[in-house]
Amino acid sequence: MGHDRGITEMLLKERVIAILRGARPPRVQPIVEALRGAGLTCVEITFEAEGGAETIALLRDTFGTTIHLGAGTIVNDRQAKMAVDAGAQYLVSPGLFEDVSAFARRHDVLYLPGVLTATEIGLALRWGHQVLKLFPAGLVGPEYLQAMQAPYPDAKLFAVGNIGPDDIAAYLRAGAAGVALGSQLAGRRDTPEVIAERAQAIIEQIRRSAPA
């Protein structure tokens, strides 16, 4: 892949993605501003409800290239196209979808499919995807992630789902390439100030952890 290389390097460098589930204007802009101010620039806007593409387009216009925008909960190539047309730089799914994979490869877009089993990880790698979303990581634990890394050392696994800030260090020690946090970082009722404080604490925790 070519165009996705820069965003891949950024994700692997920052090692944390903020998942904004259901966040829409006008609330989403101050949240993203708070995250960016704290130093967290990789943001995922989910598509499980209407308005995901419009929100990505607005954030792209507002923040330009100072943030790295992804689209989450992408389950088909129609959503993938909408997201990329709106300005998404990477696509994230809860599972491994062949049509989204094909779209990503065809358009040279980074795709983080959701995987859990050894078969799914192997298939994702065979399809050309190296940065993967281990989901739901919190229900299987860091030991499971470490076990999956043994047969698949080339897989860059992001731990996602049912994990919080206190779990980050254990997953990084187990070999996770990074983590993605949703409500544990940016809950629906949290103020931008609270979100910024959490983001700063998470970034500091990642800095103290051993490199991937």
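Scanning the stretch 90-115 for residues that are in contact with a Gly (Cβ under 8 Å, 6 or more places away or on another chain), of a type in the set (Ser, Thr, Tyr) and closer than 11 Å to Asp4 by Cβ yields one hit, Tyr90.
In the stretch 76-101, the residue that is surrounded by the fewest Cβ atoms within 10 Å (Cβ to Cβ) out of those that are among the β-branched types (Val, Ile, Thr) and farther than 17 Å from Ala18 by Cα is Val84.
Any idea which of Ala104, Ala159 is farther than 18 Å from Ala18 by Cβ, crowded, with 21+ Cβ neighbours inside 10 Å and either in contact with a strand residue (DSSP E or B) (Cβ under 7 Å, 6 or more places away or on another chain) or in contact (Cβ under 8 Å) with a residue 40 or more places away in the chain (or both)?
On the way: Ala159 fails: farther than 18 Å from Ala18 by Cβ.
The unique qualifying residue is Ala104.
Residues checked against (1) assigned to a loop (DSSP other than H, G, I, E, B); (2) modelled with pLDDT of 95 or more; (3) closer than 23 Å to Gly114 by Cα; (4) basic (Lys, Arg):
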{"position": "Tyr171", "(1), (2), (3), (4)": "no, yes, yes, no"}
{"position": "Ala176", "(1), (2), (3), (4)": "yes, yes, yes, no"}
{"position": "Ala180", "(1), (2), (3), (4)": "no, yes, yes, no"}
{"position": "Gly187", "(1), (2), (3), (4)": "yes, no, yes, no"}
{"position": "Ala196", "(1), (2), (3), (4)": "no, yes, no, no"}
{"position": "Gln200", "(1), (2), (3), (4)": "no, yes, no, no"}
{"position": "Ile203", "(1), (2), (3), (4)": "no, yes, no, no"}
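Considering Gln149, Gln200, Gln205, the condition of being in contact (Cβ under 8 Å) with a residue 60 or more places away in the chain and more than 15 Å from the chain's Cα centre (by Cα) is satisfied by Gln200 alone.
Answer yes or no as to whether Asp154 is at pLDDT below 95 and either closer than 19 Å to Gln205 by Cβ or in a loop (DSSP other than H, G, I, E, B) (or both). Break it down stepwise before answering.
Numbers: at pLDDT below 95: no; either closer than 19 Å to Gln205 by Cβ or in a loop (DSSP other than H, G, I, E, B) (or both): yes.
Considered against the rule, which asks whether it is at pLDDT below 95 and either closer than 19 Å to Gln205 by Cβ or in a loop (DSSP other than H, G, I, E, B) (or both), Asp154 comes out as no.
Among the residues making up the stretch 1-30, a single one is crowded, with 22+ Cβ neighbours inside 10 Å and assigned to a helix (DSSP H, G or I): Leu11. Within the stretch 61-70, the set of residues being crowded, with 16+ Cβ neighbours inside 10 Å and over 17 Å from the mean Cα position of the chain (by Cα) comprises just one member, Phe63. Just a yes or no: is a residue in the stretch 79-88 in a helix (DSSP H, G or I), under 20 Å from Leu185 (Cα atoms) and modelled with pLDDT of 95 or more? Among the residues of the stretch 79-88, not one is in a helix (DSSP H, G or I), under 20 Å from Leu185 (Cα atoms) and modelled with pLDDT of 95 or more, which makes the answer no. Checked against (1) more than 16 Å from Thr46 (Cα to Cα); (2) touching a residue at least 40 places away in the same chain (Cβ under 8 Å); (3) among the aliphatic types (A, V, I, L, M); (4) outside any helix (DSSP H, G or I), Leu132 meets all criteria but (2). Select from the stretch 169-185 the residues that are under 14 Å from the mean Cα position of the chain (by Cα) and buried (at least 23 other Cβ atoms within 10 Å of the Cβ) and list them in ascending order. Selection gives Ala176, Gly178, Val179, Ala180, Leu181, Leu185. Taking the criterion of being out of contact with any Leu (no Cβ under 6 Å at 6 or more places or on another chain) and either of a type in the set (Val, Ile, Thr) or in contact (Cβ under 8 Å) with a residue 12 or more places away in the chain (or both), the residues of the stretch 70-82 that qualify are Gly70, Gly72, Thr73, Val75, Asn76, Asp77, Gln79, Lys81, Met82. Take the conditions (1) surrounded by 15 or more Cβ atoms within 10 Å (Cβ to Cβ); (2) in a helix (DSSP H, G or I); (3) among the acidic types (Asp, Glu); Glu44 misses just one of them, which is (2). Against the test of being surrounded by fewer than 15 Cβ atoms within 10 Å (Cβ to Cβ), of a type in the set (S, T, N, Q), modelled with pLDDT of 95 or more and closer than 22 Å to Ala180 by Cα, the options Thr117, Thr73, Thr55 yield a single qualifying residue, Thr117.
The values are calculated or read from the model by the stated rules, or taken from the named source; none is laboratory data. Just so you know, these numbers come straight off a predicted model, no measurement behind them. Positions of Cβ are generated from backbone atoms using ideal geometry, with glycine treated the same way; all protein chains shown enter the neighbour counts.
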